[in-house]
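K.L.:
Please read through the structure below; I'll follow up with questions.
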Amino acid sequence: MLRLLRCVVCLFFFAASAHAEDAPPQAIDILAAAVAKAVEYSDARYAFRVDFWSEQNGDELALKLSFDPRRAHGAQWSLLDVSIDDLSKDQNKALKQFQKSENPDEAMVYDTLEDALGDVVLVEETEAIAVFTAPVVSDDAPKDVLEMTVTLNKTEGYVSRIDVRSIKPFKPMPVVKIKSMTQSQSYAAPNGDAAALLQASQGAANGKAMFKSFTTQSRQRYFDIERIDPPALPATDSKK
């Protein structure tokens, strides 16, 4: 009887061990691997085109732009459909705000999620996706004001969407009060072993600035994305 019990126990542990080895990876592990891939590509540079649309207090602006990191600093952005001389004063201001807020060298992959991995909480999961939430730590907002939702495509192993929203009003600066804001970014499925790249972004906010109410929203869609190889380093003379 004792020998039989030992055999049963051994078979139980063997089955449990085999099940653990065959078990699919946890969602958090898939997320960590997706972020690690983004970090691997965080130094990559890309040229691309973008359809940009914004609306502020009823005034709309729609532009097509291109970005090329190979151009001289200050000339990396260019308009495709109109000349900058054809823009109104407000349109020119909106364009400069977009160029100032957009950092193409950091925006194409979600490597900054690495800092949030320790705080993410799984809130929803199916066979295909997993949804996590986490607080957002930002220099532009007080603590506990912004919340992030991360949607993970478990099947293909990449983050398909990141949403950020305010959970209460806040002041990014003394003369500006944001009543509410939302921002979302969607990413295309990676091509082979490369990182997932930004596909579209949109945001909206309302509040007061300099005691005047404002509402604003914007949308960007990215296409013709091309990875730019870094320039080759000059050859060195091995005799020196």
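Derivation of every value follows stated rules applied to the coordinates shown; laboratory data play no part. Just so we're clear, the structure is a prediction, and the values are computed from it rather than from any experiment. Here Cβ is always computed from backbone atoms with ideal geometry, including for glycine, and neighbour counts include all displayed protein chains.
K.L.:
So, with +1 on the Cβ of K and R and -1 on the Cβ of D and E, and no other charges, what is the size of the charge dipole of region 27-228 about its Cα centre, to the nearest 20 debye?
P.N.:
Rounded to the nearest 20 debye, it is 900 debye.
K.L.:
Listing D68, D229 from the residue with the fewest other Cβ atoms within 10 Å to the one with the most, what is the order?
P.N.:
If I rank by nearby Cβ atoms, fewest first, I get D229, D68.
K.L.:
Label L117 and A194 with points 7 Å out from Cα along Cα→Cβ: what is the distance between them in nm?
P.N.:
2.3 nm
K.L.:
Quick check: from the Cα gyration tensor, does region 70-142 come out rounded (a/c under 1.5), prolate or oblate?
P.N.:
prolate
K.L.:
Of all GluC sites (Glu not before Pro) in region 112-196, which ones are in loop regions per DSSP and have a Cβ with at most 14 other Cβ atoms within 10 Å?
P.N.:
Passing sites in region 112-196 are E127, E156.
K.L.:
Between T126 and D85, how high is the FRET efficiency from 1/(1 + (r/R0)^6) when r is the Cβ-Cβ distance and R₀ = 51 Å? Nearest 0.05.
P.N.:
The formula returns an efficiency of 0.45 here.
K.L.:
Apply the a/c threshold of 1.5 to the C-alpha gyration tensor of region 27-228 and tell me whether it is rounded, prolate or oblate.
P.N.:
Because a/c hits 1.5 or more and a/b fails to exceed b/c, region 27-228 counts as oblate.
K.L.:
Which loop trypsin sites (Lys or Arg not before Pro) in region 120-169, with loop taken from DSSP, have no more than 16 other Cβ atoms within 10 angstrom of their Cβ?
P.N.:
The qualifying sites are K143.
K.L.:
Sort R71, R49 so that the residue with the fewest other Cβ atoms within 10 Å of its own Cβ comes first and the one with the most comes last.
P.N.:
R71, R49
K.L.:
Right, here's the next one. Using only the alpha carbons, work out the radius of gyration and Dmax of region 142-227 in angstrom.
P.N.:
Computed over the Cα atoms of region 142-227, radius of gyration and Dmax are 16.1, 51 Å.
K.L.:
Using θ = phi - 60° and the Karplus relation 6.51 cos²θ - 1.76 cosθ + 1.60, list the HN-Hα couplings for region 127-144 in order, rounded to whole Hz, with x at every Gly or Pro.
P.N.:
5, 9, 9, 9, 10, 10, 10, 6, x, 9, 9, 9, 6, 8, 8, x, 5, 6
K.L.:
Continuing with this model, one more query. Which one, A47, A209, Q76, is farthest towards the positive end of the dipole of region 27-228 when Lys and Arg carry +1 and Asp and Glu -1 on their Cβ?
P.N.:
It is A209.
K.L.:
Something else now. From the phi of every residue in region 92-97, what ³J(HN,Hα) in whole Hz does the Karplus formula 6.51 cos²θ - 1.76 cosθ + 1.60 yield, where θ is phi - 60° and glycine or proline is x?
P.N.:
Karplus values, whole Hz, x for Gly and Pro: 5, 5, 5, 5, 5, 5.
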